[in-house]
1. What number, in percent, do you get for the relative contact order of the range 78-196 if the mean sequence gap of Cα pairs under 8 Å and at least 6 apart is divided by its residue count?
2. Pairs of Cα atoms under 8 Å, at least six residues apart: use those to get the relative contact order of the range 397-542, whole percent.
3. From the phi of every residue in the range 450-465, what ³J(HN,Hα) in whole Hz does the Karplus formula 6.51 cos²θ - 1.76 cosθ + 1.60 yield, where θ is phi - 60° and glycine or proline is x?
4. Which of the peptides 510-517, 190-197, 469-476 is most tightly packed, and how do the rest follow, going by the mean number of other Cβ atoms within 10 Å of each residue?
5. Would you please put 280-291, 492-503, 437-448 in order of how densely packed they are, using the mean number of other Cβ atoms within 10 angstrom per residue and starting with the highest?
6. Among Cys144, Cys184, what is the fewest-to-most ranking by other Cβ atoms within 10 Å?
7. Over the range 78-196, what number does the Rg to Rh ratio reach, with both radii from the alpha-carbon atoms and Rh per Kirkwood?
Amino acid sequence: MKKKQPGPKKFADLRRRAEKKASAAEAKAKVSLSLAETQRTLHELHVHQIELELQNEELRGAQAELEATKARYFDLYDLAPIGYFTISEKGLIQEANLTAARLLGLGKQQLVKQPFTRFILNEDQDVFYQHRKLLFKTHAPQVCELRILNKQGDLFWARLESMVRQEGMDEASGVHGFQGEPVCRTVMSDISLLKQAEENSKINKALLNETEKMGKIGGWSFDAEKSAETWTEETFRILEIDLIQGAPKMRGGLDLIAPAFRPMAEHAIRQAIESGVPYDQEWEVITAKGNKRWVHAVAKTRKEKGKPKFVSGFFQDISELKQAEEKLRNSLAEKELLLKEVHHRVKNNLMTIIGLIKMQETKAGNEMVSPLMRELEARVRSIALVHEILNKSEHQACVSLQNYFETMSVLIRDQFGAERGIRYTVQAAGTAVGPDIAVAYGLILNELVTNAYRHAFPGNKPRSGAENCEITVTVKHEGGKLTLTVADNGVGLPVEMNWENPESLGLRLVKMLCQQLNGSIELDRTRGTAFHLHFAHSPVAG
């Protein structure tokens, strides 16, 4: 209960009673005073009056100060953002502030004499029981967290911080208790958001751990100032170190790196710590149990005031990937060996066919058949040459056109006689194609160059105005297009020849191969003869 303050009516009643007593005293005295004594008495009364007025002024100031104190108490206590309770030893609420009332969903007066346990979730009643038991037994401050169910049925997490006080008159609040009775002063905070954050943190941590396990990625951090390391659980698993032992010191961690990779790793780590240089490397490590593993190590540095402060990164166990790469390399090596053997056998078979053609040519002894046989031999040889190049090459999936066309030029020149003095130039550097495309290009080139050797230079002379007999093969590729040009500075094709519908087998073969490759042909007769063949082209590594 609050202490009542004296009102104006009570002061007026006191005045009347004082005047009555003063009149009665004067009537009994009937003492005749001299003038000097009367003056002295009046002076004393005047001084006393002033003294009383001064005391009254001080009382009014004290009253104002008391009212201000009560206002501050209201602001600090009732309007505080946390709940305040005074709870008896029996667990009854004796007083609560406005925030406590709001949290529990009842008015302040309605909470008085209510058991505090009424608002605690059944599952958490034992938590509060132990809290109160320790509090009144030890008289030491106690803290607990439990769930509160308010009047409206809303459930929230609360943190209780309690201490014991011996109750008498509470001068600040005016609350009375039995003299010497211990009470519990409790502060209650709504920690629902904190609990939700903790729950989310647990979920995120569990998800992170599971993700690390699935990805075999372990994180770590290093405090450059404190020289302290922190590892995630997966890092311990990757390096097979007991989690209880904790992360080893920097030197101990470096000792887990295989000797062959340790200098590189030490340099990278030192650069990261001292200069903030990130790194991304692959190391072989030897785990605490002596097992060899490969890790992908990545780290970056966070700086403060221009100096490296924290280095953080991850280890990813890539042992299985390395094993798969090794198997793939072995498999590719076996396939390349097999392909080389295939190309070797195909080339030998084609050379056998060439030998048979030569034998048939010799047996026929026919001047009309022999040229046809030689043309057939040249075509088969151009195909065999592709397989010979592939058999000798490190790359089984592509053929260098520069090498291929230069080798073909030697064979064709030998076929028609090097002494003719025809200059042969190939410009196809940097262009590689697949074996199938190379065979088609080789057949086209064989036909066009052979025709140039046969018909472009009668009497081994170029066209009028040219000094030397020249055959030029050029390959250009740009924007997904490839242009193969076979040009000579000879006398040119006969004007009456319809090259788009040729009668010769060679030109028909060129046109057919060009159509199969979805290409097109242009003929330029301005300076001898130049065939421009255009094809789609996708670069092939070689």
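1. Details: 237 pairs, mean separation 29.9, N = 119.
Value for the range 78-196: 25 percent.
2. Details: 242 pairs, mean separation 37.5, N = 146.
Result for the range 397-542 is 26 percent.
3. Using θ = phi - 60°, the values come out as 4, 4, 5, 4, 7, 10, 7, 10, x, x, 6, 10, x, 5, 4, x Hz.
4. Numbers: 510-517: 16.1, 190-197: 13.6, 469-476: 19.5.
Answer by packing, highest mean first, reads 469-476, 510-517, 190-197.
5. On the way: 280-291: 14.3, 492-503: 11.1, 437-448: 23.2.
Ranking, from highest mean packing down: 437-448, 280-291, 492-503.
6. Values: Cys144 17, Cys184 24.
By the 10 Å Cβ count, ascending, the order reads Cys144, Cys184.
7. On the way: Rg = 13.6 Å, Rh = 14.4 Å.
Using Cα coordinates only, the ratio equals 0.94.
Computed from the coordinates by the stated procedures, all read-outs in this text should not be read as laboratory data. As the structure is a computational prediction, the values presented were derived from the model and not from experiment. For neighbour counting, all protein chains shown are included, and Cβ atoms are generated from backbone atoms with ideal geometry for every residue, glycine included.
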